[in-house]
Amino acid sequence: MNKQEVYAFLDEKHIGHEITEHAAVYNMEELARVQLPYPDRDAKNLFVRDDKRRNYYLITVRGDKRVNLKDFRRRQGTKPLTFASPEELQEILGLVPGAVTPFGLLNDTQCRVHFYIDRDFWQGSGLIGVHPNDNTATVWLKARDLTALLQEHGTAVDIVELD
């Protein structure tokens with residue numbers, strides 16, 4: 001799915017959302033310079049794999065949080081983790097570095113990637129801001145709607161406490 005297809009998919013599913021178009025951003029520092037309507041609800045996404053390249057994970061946390069992969073591994077009972085390569089990102093999620101997003105999981109036709117999302121997104125407004133498979137926009141929607149779409153697709157989803 002490209003950006004326009006993500007928008008059409010959300011409309012087709014009657015998922016309420018808001019779109020903020022912006023210049024391309026490749027990391028959280030660049031995103032911090034963009035005028036966002038909900039800056040405390042933007043997401044940081046880490047695409048990682050185990051050391052055997054058998055299991056892939058997308059970890060999504062609020063942009064101001066850091067993820068300790070060793071702690072994550074210990075809590076979730078995974079093998080040692082490292083960042084997946086740009087080639088793996090393209091092959092599995094159809095994405096390029098800088099555009100990693102939970103919407104990429106809709107491109108994972110084999111549902112190989114396990115999705116972990118921080119419970120913090122359910123607090124307050126329940127909003128989450130993620131790229132629409134393209135780093136030139138942010139889509140704001142309810143975290144519960146996002147996870148429901150992914151579960152409907154067949155993606156394994158866990159809502160977890162991430163420090």
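The values are calculated or read from the model by the stated rules, or taken from the named source; none is laboratory data. These numbers come from a predicted model, not from an experiment. All Cβ positions, glycine included, derive from the backbone under ideal geometry; neighbour counts span all protein chains shown. Areas reflect the complete protein model, heavy atoms only, side chains present, ligands, DNA and RNA absent. Shrake-Rupley method; radii C 1.70, N 1.55, O 1.52, S 1.80 Å.
When VAL61, VAL25, VAL34 are checked against the criterion of being in contact with a helix residue (DSSP H, G or I) (Cβ under 8 Å, 6 or more places away or on another chain), more than 22 Å from ARG144 (Cα to Cα) and not small (Gly, Ala, Ser), VAL25 stands alone in meeting it.
Tally up the residues in segment 1-20 that are open to solvent by less than 60 Å² (accessible area, probe 1.4 Å) and not in a helix (DSSP H, G or I), please.
So in segment 1-20, the residues open to solvent by less than 60 Å² (accessible area, probe 1.4 Å) come out as 3, 6-10, 15-17, 20.
When the remaining residues are screened for being not in a helix (DSSP H, G or I), the result is 15-17, 20.
Here the count works out to 4.
Residues that are over 27 Å from ALA156 (Cβ atoms) and part of a strand (DSSP E or B) occur in segment 21-43; there is at least one.
Considering only segment 60-80, I want to know if a residue exists there that is surrounded by 22 or more Cβ atoms within 10 Å (Cβ to Cβ) and under 19 Å from ASN2 (Cα atoms). No, there is no match, as no residue in segment 60-80 is surrounded by 22 or more Cβ atoms within 10 Å (Cβ to Cβ) and under 19 Å from ASN2 (Cα atoms). Among the residues of segment 87-100, are any in a strand (DSSP E or B) and either in contact (Cβ under 8 Å) with a residue 12 or more places away in the chain or under 26 Å from GLY124 (Cα atoms) (or both)? No, segment 87-100 has no match at all. Among the residues of segment 84-115, the ones that are at pLDDT 95 or above, among the small types (Gly, Ala, Ser) and closer than 22 Å to LYS142 by Cα come to 1 in all. Note on segment 110-161: residues that are farther than 16 Å from VAL6 by Cβ, open to solvent by 40 Å² or more (accessible area, probe 1.4 Å) and outside any helix (DSSP H, G or I) amount to 12.
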